[in-house]
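Comments concern the structure below.
Throughout, read-outs are computed from the coordinates displayed, never taken from laboratory work. Here the structure is a predicted model, which means the values were calculated and not measured. Cβ placement follows ideal geometry from the backbone for every residue including glycine, while neighbour counts extend to all protein chains displayed.
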Amino acid sequence: MANTIYDYIQAGSFTCDCGKTHSSTLKELIVEKGALNRIPQLVKEYGGHKVFVLSDMNTRAAAGAAVCDLLQKSGIPFSCYTFHQEHLEPDELAVGAAVMHFDPTCDLILGVGSGVINDIGKILANLTGKTYMIAATAPSMDGYASATSSMARSGLKVSLNSCCPAVIIGDLDVLCAAPVKMLQSGLGDMVAKYVSICEWRIANLLIGEEYCPTIAQMVRDAVHKCVTNADGLMRREPEAVAAVMEGLVITGIAMSYAGMSRPASGMEHYFSHIWDMRGLAFGTAVDTHGIQCGIGTLMGIRTYEQIRKLTPNKEKALAYVNAFDAEAWNDTLRQFLGGGAEAMIQNERKEGKYDKAKHAARLDLIIEKWEDILQIIDQEIPALDFVLNALIAVDAPTLPSEIGIRDEEVRGAFLTAKDIRDKYVGTRLLWDLGCLEEVADQLFGK
Ligand SMILES: [Zn+2]
Ligand SMILES: [Zn+2]
């Protein structure tokens, strides 16, 4: 199997050395200057007769108007809907508006935008069963090629099944002109993968979660390319911008291949989710997904630096877990996260990560495999400065305080990240070792 992203996309699916057949429904990725010009031809190739163009005010100015122009000149009929909100939220209102403005005589939906437009466009395409394409306006997050949409539903952050686009169009003239914050976000979402891959391997070792070395290597290569091009990103060099755009799409494909989000998100993403949940519940500060993930990645790297220094102590860990009060902890979750905490508490009832017998068995394995865990950390987690310098190179915020996240929200995110999903992450390892609060004190003060 050749290993450029374009080879993988062309293959559609392949039988991997790990024994599984991996597949993605993304048919085509085009990242080049002037790529928008190819849209009329693509519409025809994919059987479209009439196009529904979905954009917001900003993305219409960035590319949506040009796309409509191109369609018109090519004689392809279209309808369009432009969201007029200043800050478009991916919620019921937005999906409702998209559905109510949808023209059912269209047989192809073309999103023009990045995260939010793509999330809404994928839901609309899934509901209507129409072919979906996205013309990307910014390399800002890794959801382009994923078949899920990150939404706010009833005031809670949820990931809904939607659909993967058939074609992703990344016109470098458009992407290079994206707001700097979007470029910073894209890099932030990419560096997160250092932590994600490390935790995937640890989960494979301790929980037996399926791990694929080929997928992990795809993601590592993509991250490496982005980080080594970070300087060029600030200068908006097409190669650097293309590296981030392709990297973000590769990680989306990697998630499809793996059938889960493991290759692309871990603890660092949970810190970001928690700040988003608090934003929805309490109106506290939030920033873009990628900017939060970049900051979360630095927190994640610092966490693994502390884990490296630990020596497991069985008596201490057993005593810690014995004294753990699950009901009291549920109240802490409710207070800190609001309504979103209930789903997490329900998940724990099914999962039983706090079950004392299960913990004791896990602890034995952790102690037995400790050297292997340290080796994984050494192999996967780069030096803090390496990632810090890449983020600084694009002027991205590197401290939670720079985006308005308060100290107690940093510590709170660290302590509650283990409850967000059923994934084994670094802070779960710390809980298993009876060291969670101790490491929180070391990292963030008491
Ligand atoms: Zn595989
Ligand atoms: Zn992400």
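General remarks:
- Across the range 95-164, C-alpha contacts under 8 Å between residues 6 or more apart give a mean separation that, scaled by the residue count, equals a relative contact order of 30 percent.
- According to the calculation over all Cα-Cα pairs in the range 154-307, the P(r) per 5 Å bin from zero is 2, 9, 17, 19, 21, 17, 10, 4, 1, 0 %.
- Magnitude of the charge dipole for the range 5-177, about its Cα centre and with charges confined to Cβ atoms of Lys, Arg (+1) and Asp, Glu (-1), is about 300 debye.
- Summed side-chain charge close to Ile30 - residues other than Ile30 whose Cβ falls under 14 Å, Lys, Arg +1, Asp, Glu -1: -3
- Projecting the Cα atoms of His49, Gly232, Phe386 onto the charge dipole of the chain (Cβ charges, centred on the Cα centre) puts His49 farthest toward the positive pole.
- Here the relative contact order of the range 5-177, from alpha carbon pairs under 8 Å that lie six or more residues apart, stands at 26 percent.
- Over the chain, DSSP H runs of length four or greater, each weighted -39,500 (n - 2.57), average out per residue to a 222 nm ellipticity of -17500 deg cm²/dmol.
- For the chain, convex hull volume per residue from C-alpha positions, Å³: 132
- Formal net charge of residues neighbouring Leu175 (Cβ-Cβ distance under 13 Å; K, R +1; D, E -1): -4
- Dipole-positive endmost among Gly188, Ala61, Gln10 within the chain (Cβ charges, Cα centre): Gln10
- Evaluated over the Cα positions of the range 87-207, the convex hull gives a direction-averaged projected area, one quarter of its surface, of 9.2 nm².
- Tail beyond 15 Å, pair distance distribution of the range 344-414 (Cα, percent): 75
- The value for the range 5-177 of Rg(Cα) / (2.2 N^0.38 Å) is 1.00.
- Full-extension gain in nm, Ala319 to Met100, via 0.36 nm per residue minus C-alpha separation: 73.1 nm
- Using a cut-off of 20 Å between Cα atoms, the listed pairs Lys350/Lys423; Lys193/Lys423; Lys27/Lys130; Lys157/Lys353; Lys316/Lys356 include Lys157/Lys353 as exceeding that distance.
- Cβ-based net charge around Ile253, under 11 Å, with every Lys or Arg adding one and every Asp or Glu removing one: -2
- Our estimate of slack between Ser74 and Lys309, defined as 0.36 nm per intervening residue step minus the Cα-Cα distance, is 78.3 nm.
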